Amino acid sequence: MAGNIKLEVVTPEKQVVDEETQMVVAPGVLGEFGVLIGHTPFMTALKIGTVRYTDTSGQERCVFVSGGFAEALPDKVTILAESAERRRDIDLERARSAMERAQRRLEDKKADLDFLRAEAALKRALHRLRLAETRRT
Ligand code: ATP
């Protein structure tokens, strides 16, 4: 079916995307999935990863998401994430510092280490760095 599907990416702080798209691809916990107009409605949890979409001019756009939930309706995809930012808005220095901080915590293994929290912070930082590396100069 031809036509555009609306994408909204929302965090507790801000609306990151509110745009008509040709297609949305998102990192579901059970695997990456793609949504076109007319898709059967469903909901899924998301992993740390990249939401990709094709805008109405055919350009591919990328948005980092720190996990969350996606709701797909026939004409709209809504993504709720704890944090999210467009690829172009990723601050490389900040992501590098977050990576080093998390690595240090995991290496120090202090008695009060919250392992899962440090591991999740490391995953977010590594993913942001990887995604930012694919930016066109
Ligand atoms: P940090 O320790 O640097 O805060 P974090 O992974 O704990 O990293 P999050 O909790 O995922 O950060 O995000 C908090 C807010 O900061 C969100 O609004 C997110 O979009 C933004 N943010 C975090 N890291 C970056 C980054 N490297 N570039 C741009 N925005 C970022």
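The values are calculated or read from the model by the stated rules, or taken from the named source; none is laboratory data. Source: prediction; values computed, not measured. As a convention, Cβ positions derive from the backbone with ideal geometry for all residues, glycine included, and neighbour counts pool all protein chains shown. Quick note on the areas: whole protein, heavy atoms, side chains included, nothing else; ligands and nucleic acids left out. Shrake-Rupley method; radii C 1.70, N 1.55, O 1.52, S 1.80 Å.
Packing here is the average count of other Cβ atoms within 10 Å per residue, and on that basis the peptides 3-9, 113-119, highest first, run 3-9, 113-119.
Computed about its Cα centre, the charge dipole of region 5-87 is approximately 180 debye, with only Lys, Arg, Asp and Glu carrying charge at their Cβ. Mark the label point 7 Å from the Cα of residue 14 along Cα→Cβ and return the residues of region 38-54 whose backbone N is within less than 13 Å of it. Correct set: none at all. Taken per residue, the accessible surface of the chain reaches 61 Å², heavy atoms only and a 1.4 Å probe. Apply the a/c threshold of 1.5 to the C-alpha gyration tensor of region 1-61 and tell me whether it is rounded, prolate or oblate. It comes out oblate by the Cα gyration axes.
Ignoring lysines fewer than eight residues from residue 6 along the same chain, the ones with Cα atoms less than 26 angstrom from its Cα are 14, 47, 76. Along its first, second and third principal axes, ordered by size, the chain spans 55, 34, 25 Å in Cα coordinates.
Given a Förster radius of 41 Å and the C-beta distance between residue 133 and residue 42 as r, what FRET efficiency does 1/(1 + (r/R0)^6) yield to the nearest 0.05? About 0.85, to the nearest 0.05. As a length-normalised measure over Cα pairs under 8 Å and 6 or more apart, the relative contact order of the chain settles at 21 percent.
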